[in-house]
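Participant: Take a look at this one; I'll ask things after.
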Amino acid sequence: MLVVQPPSMRVDIPATTPHEEHLLERMTMLENTLAHLAERLEQSLKLLLRQSETTFSNHALVKSLIEILNECGVVDNGQLESRWHAECQKLNEPAEKQNQNNRPTKNRRTKRKAATGG
C-alpha cells in the first residue's frame, strides 16, 4: 500500500516560533535577574540584622557605663542628657537644611517676592 502525503506534512513544524523562543529567553533572563535580586536582598537583610544586633549591644554597653558612672558620682545625668540632646540637634541640622533645599521652587519664589517687595 502506498501512502501519499502533501509536501506541507513532510516538513517538521517546530513546537515554538522564533518570536516565542525570543520571549521565552527574555522571561528566563528576567527570572534569573529576579532570583539574583532576591539573593542580594536576602544578603542585605542579613547585614541589616547584624548591624541592628551590634547597635543594640553597643547601646547596652554605653547605658551600663553611664549607670555605673552615675552611681559613682562621676557623671551628672542631667548634664549628660542635655549635652547628648545638643549633639543630636547638631547632627540633625544638616539634614534639616538639606530638606529645606529640596522643597519645591514655588515656595522659594514666593519667599523671594515677599522679601524684595518689602
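Participant: Please give the contour-minus-distance gain from Met29 to His59: 0.36 nm per residue of separation, less the Cα-Cα distance, rounded to one decimal in nm. Before the final figure, lay out the partial values.
Facilitator: Values: separation 30, 0.36 × 30 = 10.80 nm, distance 4.45 nm.
So the extension gain works out to 6.3 nm.
Participant: Once you put a point 7 Å from the Cα of Glu20 and another 7 Å from the Cα of Gln5, both along the Cβ direction, what distance in nm separates them?
Facilitator: 1.9 nm
Participant: What's the extension gain from Gln79 to Arg40 if we count 0.36 nm per residue and subtract their Cα-Cα distance? Mind dumping the intermediate values first?
Facilitator: Working: separation 39, 0.36 × 39 = 14.04 nm, distance 4.45 nm.
Between Gln79 and Arg40, full extension yields 9.6 nm more.
Participant: Right, another one. Put +1 on the Cβ of each Lys and Arg and -1 on the Cβ of each Asp and Glu in segment 18-102; which of Ala35, Ala95, Gly73 then has its Cα farthest toward the positive end of the dipole?
Facilitator: Positive-most Cα among the choices belongs to Gly73.
We did not get these values from a lab; they are worked out from the coordinates using the rules stated. Since we're looking at a predicted model, the values are computed, not measured. So basically every Cβ, Gly included, is an ideal-geometry build from the backbone, and we count neighbours across all protein chains shown.
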